[in-house]
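These notes concern the structure reproduced below.
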Amino acid sequence: MIKRTITCIGLFLLAIIQLQAQNAIKKEVKYGQLTELPRQDEAMKKWRSNRFGQFIHWGLYAIPGGIWEGKTYKYAAEFLKSSAGISTATWDSLQYQFNPVKFDAKEWAKMAKDMGVKYVTITTKHHEGFCLWPSKYTDFDIENTPYRKDLLGEFIKAYNEEGIDVSLYYSVLDWHHPDWRYKLNTEEDKAAFERLKAFTENQLLELLERYPTVKGLWFDGTWDQCWKDNGKFSYDLEKKLKEKNPGLIVNSRMRADEYGSRHFDSNGVLMGDYESGYERRLPNPWDVAVTKNDWECCMTIPENQWGYHKDWTLTHIKTSNELIEMLVQCTSQNGNFLLNFGPRGEGNFREKEVKLAKEIGDWMDDNSSVIYNCGYAGLKKQSWGYFTKSSDSDDAINMVVFNKPINGKYRVKLNKGSIIKRAYLLSKPKKSFNLEEIANGEYFLDDVKGKCKDPFVIIIELEDKDSKKFKQKALT
Ligand code: FHN
């Protein structure tokens, strides 16, 4: 009795402490999230069902391609200005060499379409500050290059004609702009940064005005103190941009709250429309559900090169199977995969990128039904690969196999009570696998003989939960 009373008092005290702790960390956030998440409007549903996107990093850095005065710099080519200690004036003069005579927007869009992407995100202005569109607010733009034409406009038109949604990358960090400040230490810094804010807002509204079909804005370069000190500005800006383009989708990097918390507000609530912190990394594949928020992983083909680097022998170059596995993993965990390409200064892609795009596209031709409109199947990654599930289907799940078991049998662990009705290769739907039930909801699938391209897909049809057979099994 005494023991029970002590336990009850203990639990009561613990509950009070927990309640107090919760209240202590709950802050009143005025400039946090604008809407309830996850967004369920048509634009967001489309973004979510797209699953696979192409990222393009293109700017002046594509001209030197990681090499300056005969010296090769290993670090990311778009950072060459700082790696090689090049003055702003010298770097900016690359503008007068930017003449991508080989740029063919239609060819680019066709390559993207054939690769199977449903959306593209292109750098309109990277950290160097150079703008790929003719901007009213700066001369450091495409209009003042030998190319002169509205390159971004051509790009958007061509991709839209192929049915690909376009989203625009914009770096707030700006190495060219005289009013950029990392920190706002003095009154003069603050005044300069006010001008930078006005410039940023004007350019973003200009982009949305000029290119009304744009579906999203992808912010970057927002990690410095100056941006953290301007949470209210980022809140107001998100609002204005969304008023200008209803349905607009914005990544979480755009935002800070009034306490300087980025991506997530001070109470841990995501800001923007999807989490964009997965850069060159994926979530733990064994996590059952990553998060209820939408998210996107952006990935490079080499280890860390976004812009064009002339020497790709410096790092590991991912194979198409590695990249396909990442795409599948993202899908299986309800995320999107944005794969980066860095075209040359002349305007064409390196042969290796073209080849990889073709290989991924060949795989997508046969297997895109396990990617588009698909997501988490309610099941963990297993030793042979990943499950995905289409939101159009109630009774089928997809197994995407990357590791073929030596004994030729796939051990498949479903949720308890699940019964497999039939399993077959997506490429050979008529031939069923032999099934061996080894535990409640657990099976061995015997390999179906025949050649299939790796990685490949097995479809599992499940017994309808209302069927007699299912009810009987569930009781046992
Ligand atoms: O510094 C950039 C980098 O060049 C590239 O644009 C990536 C893409 O996510 N973002 C920055 C680093 O977070």
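Take the residues of region 268-291 that are charged (D, E, K, R) and buried (at least 19 other Cβ atoms within 10 Å of the Cβ): which is nearest to Gly32 (Cα to Cα)?
The residue in question is Asp273.
Looking at Lys106, Lys81, can you tell me which residue is in contact (Cβ under 8 Å) with a residue 24 or more places away in the chain, within 16 Å of the ligand (Cβ to nearest atom) and either over 20 Å from Leu217 (Cα atoms) or of a type outside the set (Val, Ile, Thr) (or both)?
Lys81
I want to confirm something. Restricting to region 292-324 and keeping residues that are among the acidic types (Asp, Glu), surrounded by fewer than 20 Cβ atoms within 10 Å (Cβ to Cβ) and more than 15 Å from the ligand (Cβ to nearest atom), which single residue is farthest from the chain's Cα centre (by Cα)?
The residue in question is Asp311.
For region 234-254, which positions are within 16 Å of the ligand (Cβ to nearest atom) and free of Cβ contacts under 8 Å to residues at least 40 places away in the same chain?
Val250, Ser252, Arg253, Met254 - these are the residues of region 234-254 that are within 16 Å of the ligand (Cβ to nearest atom) and free of Cβ contacts under 8 Å to residues at least 40 places away in the same chain.
Determine which member of the set Val172, Val117 is buried (at least 16 other Cβ atoms within 10 Å of the Cβ) and within 16 Å of the ligand (Cβ to nearest atom).
Criteria check complete, one pass: Val172.
Mind listing just one residue for me: the one in region 27-74 that is among the aliphatic types (A, V, I, L, M), within 25 Å of Trp295 (Cα to Cα) and surrounded by 18 or more Cβ atoms within 10 Å (Cβ to Cβ) and, of those, farthest from the ligand (Cβ to nearest atom)?
If we take residues in region 27-74 being among the aliphatic types (A, V, I, L, M), within 25 Å of Trp295 (Cα to Cα) and surrounded by 18 or more Cβ atoms within 10 Å (Cβ to Cβ), then Val29 is farthest from the ligand (Cβ to nearest atom).
Of all residues in region 346-374, count the ones that are surrounded by 17 or more Cβ atoms within 10 Å (Cβ to Cβ), in a loop (DSSP other than H, G, I, E, B) and of a type in the set (Asp, Glu).
Number satisfying all stated conditions: 0.
Determine the pairs where a residue that is in the same structural domain as Lys381 (by TED's automatic domain parsing) and farther than 19 Å from Ile324 by Cα, located within region 394-413, has a partner that is crowded, with 16+ Cβ neighbours inside 10 Å and β-branched (Val, Ile, Thr) with Cβ atoms under 6 Å apart, the partner being 6 or more residues away or on another chain.
Short answer, once both residue conditions are applied: Ala396/Ile459.
The values are calculated or read from the model by the stated rules, or taken from the named source; none is laboratory data. No experiment lies behind these values; they were computed from the predicted model shown. Reconstructed Cβ throughout: ideal geometry from the backbone, glycine too, with neighbour counts over all protein chains shown.
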